[in-house]
Amino acid sequence: MRKIAILLLLGMFLAPAAWAKYTGIVLSTPFPDQTVQSGRTAVIPLTIHNFGVDPQAVTLKALSVAKGWTAEFQGDARDIGSVFVEPDGSRDVSLHLTPPKGVSAGQYAFRLAAAGNDHRAELPLTLHLAKTLPDWLSITASLPTLKGTATTQFSYDAKITNKSSRDILVNLSATAPQGFDVAFKPQYGSQEVTGIRVKAGEDKNITINVSPPGDAVAGAYDVRVQAAAGDTRAGLGLHMVVSGKPSLTLTTPSGVLSGEAQVGKTEEVKLVVRNTGSAPARNLSLSADSPSQWKVSFEPERIDLLPPNQEAKITADIVPAARSLAGDYMVTFDTNGGLSRASANYRVTVMTSTLWGVIGILIAATAILVVGFAVMRYGRR
């Protein structure tokens, strides 16, 4: 029994009660007249219904196919020629219609058939072939400007949008300041990627992580991200503000923190102040903690500005007190800039002069002679 196509089309909109009075095989699709993009295989969903007839295998055929096109029925990702449908049951399959190369935009007609033991159904199908949309993509960030320190990992949430008519592989790259590391990750993944596949008309969310070098100077930096698919390009500018603070060290040019000095004489000690932080050090004052009656002065006495990764040379003049005894003494040098400070303990070995050493020997010798004379003279009594 052949069922006419008009019944099949009207049947899509009939109430269930109307279907209950119908017996036979029905072949249907939600959209029998639709527009598809050229250059792509059109996938048409089909449903074969069995209304009240015996369980049976239903053969599927393309009775009429537009010139140059190929038609293939598929079920569960395999090519098929028929389906088995139980009473009052249905089976979903798909029809893959592939246009020939160079096909022009226009209207193309097809006719399909589903044939069972005693029942048969046909379905007309019309495709309107549109021109292929050019590849078009965009990449945007919800918060393109972030602030942190040199140890912060700046994480940007970005979205890639594919508004073309085909699936594309988007390659990702970035241009960043020297020493900055840029990594791309899927939104729900931990593995770094350099490309991501985006379906036609789909959005894909990714995370862009930017890590500045640990010695990055405080300031503003820009990173340019590019998404590319063939000849299609899309760019995204990311901005970050790196805040920082100075970090000072104080030592001698050689790193040796010890020396000798003479009582009452000036001993020059060369010092180096280094800023290893990420922000300038300003208004650095110099001071010393020394033994009582010692004199310590600096040249220069103050450092107005010390940029990151720079150093300043200082001369410290040490004058031990006149009554200092020979031996080791500790002088602590200190530089203080408010946000950061540094100190260094310097060991000073005080040496008495040679003249005082000779006088001391003579005094000791004289004392020995006096004692010896006294013993010789009075010891006999």
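The values are calculated or read from the model by the stated rules, or taken from the named source; none is laboratory data. Please read all numbers here as calculations on a predicted model, not as lab measurements. Here Cβ is always computed from backbone atoms with ideal geometry, including for glycine, and neighbour counts include all displayed protein chains.
Scanning segment 28-73 for residues that are assigned to a strand (DSSP E or B), touching a residue at least 40 places away in the same chain (Cβ under 8 Å) and either among the charged types (D, E, K, R) or at positive phi (or both) yields Asp33, Lys61. No other residue among Ile318, Ile303 is part of a strand (DSSP E or B), out of contact with any Pro (no Cβ under 6 Å at 6 or more places or on another chain), closer than 30 Å to Val217 by Cβ and touching a residue at least 12 places away in the same chain (Cβ under 8 Å) apart from Ile303.
Scanning segment 152-163 finds one or more residues that are without any contact (Cβ under 8 Å) to a residue 40 or more places away in the chain, surrounded by 13 or more Cβ atoms within 10 Å (Cβ to Cβ), charged (D, E, K, R) and not in a strand (DSSP E or B). Residue under question is Gln107, and the condition is that it be touching a strand residue (DSSP E or B) at 6+ places or on another chain (Cβ under 7 Å) and within 20 Å of Ser38 (Cα to Cα); does it hold? Spelling it out, Gln107 is indeed touching a strand residue (DSSP E or B) at 6+ places or on another chain (Cβ under 7 Å) and within 20 Å of Ser38 (Cα to Cα). Of all the numbered requirements in (1) within 11 Å of the chain's Cα centre (by Cα); (2) of a type in the set (D, E, K, R); (3) closer than 14 Å to Val242 by Cα, Asp181 misses one, and that requirement is (3). Only residues that are assigned to a loop (DSSP other than H, G, I, E, B), among the hydrophobic types (A, V, I, L, M, F, W, C) and in contact (Cβ under 8 Å) with a residue 40 or more places away in the chain were counted in segment 190-229, giving 3. Val350 fulfils the conditions (1) touching a Lys or Arg at 6+ places or on another chain (Cβ under 8 Å); (2) surrounded by 15 or more Cβ atoms within 10 Å (Cβ to Cβ) except for a single criterion, (1).
State all residues of segment 298-339 that are at pLDDT below 90, more than 27 Å from Arg282 (Cβ to Cβ) and not hydrophobic (A, V, I, L, M, F, W, C); if no residue qualifies, say none. Within segment 298-339, Arg323, Ser324 meet the criteria.
In a residue-by-residue description of segment 98-108, the property of being aliphatic (A, V, I, L, M), outside any loop (DSSP other than H, G, I, E, B) and surrounded by 12 or more Cβ atoms within 10 Å (Cβ to Cβ) applies to no position. Here Ile168, Ile206 are screened, and the one residue that is within 27 Å of Ser243 (Cβ to Cβ), of a type in the set (Val, Ile, Thr), in contact with a strand residue (DSSP E or B) (Cβ under 7 Å, 6 or more places away or on another chain) and not assigned by TED's automatic domain parsing to the domain that holds Leu63 is Ile206. Within segment 234-247, the residues that satisfy the criterion of being surrounded by 13 or more Cβ atoms within 10 Å (Cβ to Cβ) and in a strand (DSSP E or B) are Ala234, Leu236, Leu238, His239, Met240, Val241, Val242, Ser243. For segment 321-341, name all the residues that are in a strand (DSSP E or B), buried (at least 18 other Cβ atoms within 10 Å of the Cβ) and in contact (Cβ under 8 Å) with a residue 40 or more places away in the chain. Answer for segment 321-341, where residues must be in a strand (DSSP E or B), buried (at least 18 other Cβ atoms within 10 Å of the Cβ) and in contact (Cβ under 8 Å) with a residue 40 or more places away in the chain: Val331, Phe333, Thr335.
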